[in-house]
1. So, of the residues in the stretch A:192-210 that are within 16 Å of ligand 2 (Cβ to nearest atom) and more than 14 Å from chain B (Cβ to nearest Cβ), which turns out to be surrounded by the fewest Cβ atoms within 10 Å (Cβ to Cβ)?
2. I'd like to verify a number: residues in the stretch A:9-62 that are aliphatic (A, V, I, L, M), within 15 Å of ligand 1 (Cβ to nearest atom) and within 24 Å of residue A:194 (Cβ to Cβ), how many?
3. With the requirement that a residue be under 18 Å from the mean Cα position of the chain (by Cα) and either under 20 Å from residue B:43 (Cα atoms) or more than 10 Å from chain A (Cβ to nearest Cβ) (or both), what does the stretch B:143-154 give you?
4. Could you look through the stretch A:224-249, keep only residues that are surrounded by 19 or more Cβ atoms within 10 Å (Cβ to Cβ) and within 16 Å of ligand 2 (Cβ to nearest atom), and pick out the one that is nearest to residue A:27 (Cα to Cα)?
5. Which of the residues that make up the stretch B:179-203 are in contact with a Ser or Thr (Cβ under 7 Å, 6 or more places away or on another chain) and touching a residue at least 24 places away in the same chain (Cβ under 8 Å)?
6. Which residue is surrounded by the most Cβ atoms within 10 Å (Cβ to Cβ), if the candidates are limited to the stretch A:48-86 and must be among the hydroxyl-bearing types (Ser, Thr, Tyr) and within 16 Å of ligand 2 (Cβ to nearest atom)?
7. Would the stretch B:99-115 turn up any residue that is within 14 Å of another protein chain (Cβ to nearest Cβ) and surrounded by fewer than 18 Cβ atoms within 10 Å (Cβ to Cβ)?
8. Among the listed residues B:203, B:160, B:182, which satisfies the condition of being more than 16 Å from residue B:29 (Cα to Cα) and of a type in the set (S, T, N, Q)?
Amino acid sequence: MTEPNSARNATAPMIEMRHVEKFYGPFHALKDVNLTVAKGEKIVLCGPSGSGKSTLIRCINHLESIKSGEITVAGHRLSDSQKAVDAVRREVGMVFQQFNLFPHKTVLENCILAPMRVRGLSRAEAEATGRKYLERVRIGDQAAKYPAQLSGGQQQRVAIARALCMEPMAMLFDEPTSALDPEMVKEVLDTMVLLARDGMTMICVTHEMGFARQVADRVIFMADGAIVEENDPESFFRAPAHARTRAFLGEILHH
Amino acid sequence: MTLDFSVVTGAWQSLLLGTVGTLFLAFSGMALAMIIGVLGVVILRMQLRLPSLLVNAFIEIVRNTPFLVQIFFLFFALPLAGIRLNPTLTAILALGVNGGAYAIEIIRGGVESVPKGQTEAGLALGLHKHEVFRLIVLKPALRAIYPSLSSQFILLTLTTAICTSISAYELTSVGQRIEAETFRSFEVYFTLTGIYLVISLVTMWLLAAIGRRAFSYPQR
Ligand SMILES: Nc1ncnc2c1ncn2[C@@H]1O[C@H](COP(=O)(O)OP(=O)(O)OP(=O)(O)O)[C@@H](O)[C@H]1O
Ligand SMILES: [Mg+2]
C-alpha cells in the first residue's frame, strides 16, 4: 500500500477533525467539532452522558457518518467511499465498553481474524503477531480459551490485544472500564498506561480521572455535542474555566 | 376382525427402503431449506427495495398456502417452464422451498438477536459488511435460533409424507401400496405411525448432536 507523505510527516496530525457536524435524524449530535491530535498524543475525552463522546470517536473510524466537515486520519481523508473507510479503519483500533469479543472464536482466533482478512497475513504470521500482543497485555496463557471463559478485565485486555494486532497508528477507547467490576478496572488501565508509554496515539473516553492525570496530554470536556473546554490535565483539574466543567468535575469526583 | 401384522412384517424390506426414502427427502429438504434461509436473510440484509420485496412476498406466499397445493404447483408448473424433474427431486424442491421460507423468518430473528457491538467490532477491525455477517454474526445467530430451527426441521420431516401425492418414493407411499395390496389398513398405518415416531425421535437426536458439535463454544 502506498502511504501518503503526510502520514510519515512527524508534524502532520495523526487525527484531524474540522468543523464536524453530525445529526441523528433531527438531533444535532456534534456541533462544529474541531480536534487535532498529534502523533503520539494522548487525549482524554469526558463529559456528561449524551454529550456526544461516543459519537465523536465513532465518527473517526466511520462507524457513524458525518453531515459536514472533514476528518483526516494518518493522512487519509475520510469520506463515504469504501476505499477511504478501509484506509482509515486499517490505521485505527477501537476498544468498546462491552468488549465485543467474538464469542464463537477463541482468544487467539479473535486476534488473527482481521490481520489475516484485512492485512493479508498468513495464519502463521497472524498467530505470531497475536501471541506477541497477548503477551503484551499479559494474557498469553489464555490464548486457547473462549471469551466466555474469561473475566471482564481479561476480556477487555484481549480486546485491546485484538485491536493492536492490526498494528494501528492510533487507538480509540470508548469507556473501556465502565462495564467492569471495580477490582478489574486497574488491570485494564495499567494495560492502557503501558500502551501510552509505548507512544501510541490515543483518544480515550473515560471518567477515570487518575488515568487522565497520569497519561493524558490534554483533557477535553464535551457538553451538548460541542467541545466546551480543553487543557492539560493539571490545569484542567485545578482550574476548569467553564461552569459546566466545574459542575461535571464536582459530580464525578465526589460520588 | 383379527389383526394380522404378517402383511407388514413380510414387507419389511419395502418399509425399510421407504424409511430411507423419507430420510433422504427430509435431510435433502433441510439442506435446501438452510441454504434458502441463509440466502434469504443475506438478501434482506442488503436492504434493497425490490429484492427485499420479493423475499418477503415469497415468505408470505409459502406461509399462507397449503404444502399440498405448493407441491402440486411445482409438480405441474416446472414442466411448463421446461424443467423436468423426477418426483423425488420435485419433492425435495418443494420441501426446501417450504422449509426455506420458515427458515428465513427464524434465521432473521437470530441475526437480530446478535448484539450490534459484534458488527461494530468487526467493522472497526476493517472487515467488510459481508465478512462481518459470514464470519462474525452468522454462527452466534444460528446458535440462538437452533432449537426453533430444529423444530421446524422435524415438521419438515413429517411433511415428507405429503410428497406421496406426487408419488415421490418415501414411507407413506410404500405403506399405501401395501394397504392397496392387502386391505390391512389398520396394521399398515399403525406400523407407519410407529416408524414415523422413531424417525422423528432419531432426527431430533441427530439435530441436537449436530448442534452440540457446531455450537460447542461456551456461552456467557
Ligand atoms: N443511533 C442513534 N440514533 C439517535 N440518537 C442517537 C444515536 N446514538 C446516539 N444518539 C444520541 O446522541 C447523543 C450523544 O450520544 P453519545 O452516545 O455520543 O453520548 P455519550 O457522550 O457517549 O454518552 P454516554 O456517556 O452515555 O455514553 C445522545 O443524546 C444520544 O441519545
Ligand atoms: Mg458513550
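1. Looking at residues that are within 16 Å of ligand 2 (Cβ to nearest atom) and more than 14 Å from chain B (Cβ to nearest Cβ), I get A:207.
2. Counting residues in the stretch A:9-62 that are aliphatic (A, V, I, L, M), within 15 Å of ligand 1 (Cβ to nearest atom) and within 24 Å of residue A:194 (Cβ to Cβ) gives 5.
3. Passing the criteria: B:145, B:146, B:147, B:148, B:149, B:150, B:151, B:152, B:153, B:154.
4. Among those residues, the one meeting the criterion is A:225.
5. Correct list: B:195, B:199, B:200, B:203.
6. Out of the qualifying residues, it is A:51.
7. Yes; the residues of the stretch B:99-115 include at least one that is within 14 Å of another protein chain (Cβ to nearest Cβ) and surrounded by fewer than 18 Cβ atoms within 10 Å (Cβ to Cβ).
8. Sole residue among the options that is more than 16 Å from residue B:29 (Cα to Cα) and of a type in the set (S, T, N, Q): B:182.
We did not get these values from a lab; they are worked out from the coordinates using the rules stated. If you're wondering where the values come from, they're calculated on a predicted model, not measured in any experiment. Every residue, glycine among them, receives a Cβ derived from its backbone with ideal geometry; neighbour counts consider all protein chains shown.
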